[in-house]
Amino acid sequence: MNAKILIVEDEPAIRELIAVNLRHAGYTVSEAETAEAARIQLDAGLPDLVLLDWMLPGQSGIEFARKLRAETRTAKLPIVMLTARAQEGDKLQGFDVGADDYVTKPFSPRELLARVRALLRRASPEASEDPIEIAGLRLEPATFRVYAGERTLELSPTEFRLLHFFMRNPDRVLSRTRLLDNVWGDHVYIEERTVDVHIRRLRLALSPGGHDRLIETVRGGGYRFLPR
Ligand code: CA
């Protein structure tokens, strides 16, 4: 599930440095040189997070952040401000207009990535690293482990994400499209029956403890994870 990040930065070298590092870390990246160009991209679709330079030609990053916060659609969009100014007062102004975090240039790519990860985690509780325990199954996102009682189950990364999504949404009918959106992310080239293949594998992996019965096929609807 690669999160989408929009970088709004007028300096090409810095923008490129950030873009390369984010892509390398697995994020989907789009770029804008100005607030106006960013606006056009946001109108077309919302990213999961915006990295916003403070000093931009035309509308400043601060003004832009203020506007984004004022609009319902973008009010909760996670924003990290980028700036060369290190003064404490400016920092406070950044938080004042609603930036969620603040990184001062020059920054290390590692530091930026850490901030991005932390903010994405805070922003989407769904992607939380908290262990989940349902009906004797315990899933630990942080270690990528699943336990059925004392037994460790062997799951591939896709089956793990699938089970994680099921366990976050127990007792709900989840369509194949919804599963593709959330487990596969960008799935333009994936067929819906791929979901069935992975469900089959997941059930097989869960079967030693009898937990395969927790995944119910809903005729014409998709699948449901039974909470008991
Ligand atoms: Ca700038």
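What follows draws every value from the coordinates through simple rules; no lab data is involved. As the structure is a prediction and not an experimental result, all values here were calculated from the model. Neighbour counts are summed over all protein chains in view; Cβ atoms, including those assigned to glycine, are modelled from backbone coordinates with ideal geometry.
For the stretch 131-184, report the % of Cα-Cα distances exceeding 13 Å.
Here the long-distance tail beyond 13 Å is 58 percent of all Cα pairs in the stretch 131-184.
For the chain, list log₁₀ I(q)/I(0) at each q in 0.12, 0.13, 0.15 Å⁻¹, using the Debye formula over Cα point scatterers of equal strength and ignoring solvent, two decimals each.
The calculated log intensity ratios at q = 0.12, 0.13, 0.15 Å⁻¹ are -0.75, -0.83, -0.97.
Taking only C-alpha pairs under 8 Å that are 6+ residues apart, what is the relative contact order of the stretch 4-123 in percent?
Value for the stretch 4-123: 22 percent.
Just to be sure I understand: of the beta bridges DSSP finds with both ends in the chain, what percent are antiparallel, rounded to 5?
50
Ratio of Rg to Rh for the stretch 4-123, alpha carbon only, Kirkwood?
0.91
Hey, what number do you get for the chain at 222 nm if only DSSP H runs of n ≥ 4 count, each worth -39500 (n - 2.57), divided across all residues, to the nearest 500?
Calculated at 222 nm, the ellipticity per residue is -11500 deg cm²/dmol.
Positive end of the dipole of the chain, charges at C-beta (+1 Lys, Arg; -1 Asp, Glu), about the Cα centre: which of Pro157, Pro57, Ile14 has its Cα farthest in that direction?
Positive-most Cα among the choices belongs to Pro157.
On average over all directions, what projected area in square nanometres does the stretch 147-216 have, based on the convex hull of its Cα atoms?
In nm², the orientation-averaged hull projection of the stretch 147-216 is 4.6.
Grab the Cα-Cα distance for Leu46 and Ser60, subtract it from 0.36 nm times how many residues apart they are, and report the gain in nm with one decimal.
Using 0.36 nm per residue and subtracting the Cα-Cα distance, I get 3.1 nm.
Counting only chymotrypsin sites (Phe, Trp or Tyr not before Pro) that sit in a DSSP loop (anything but H, G, I, E, B) with at most 12 other Cβ atoms within 10 Å, what is the longest stretch of the chain containing none of them?
After excluding every exposed loop site, the longest remaining stretch is 1-143.
Take the chain, mark every one of the GluC sites (Glu not before Pro) that falls in a DSSP loop and has at most 15 other Cβ within 10 Å, then report the longest stretch left between them, sites excluded.
1-70
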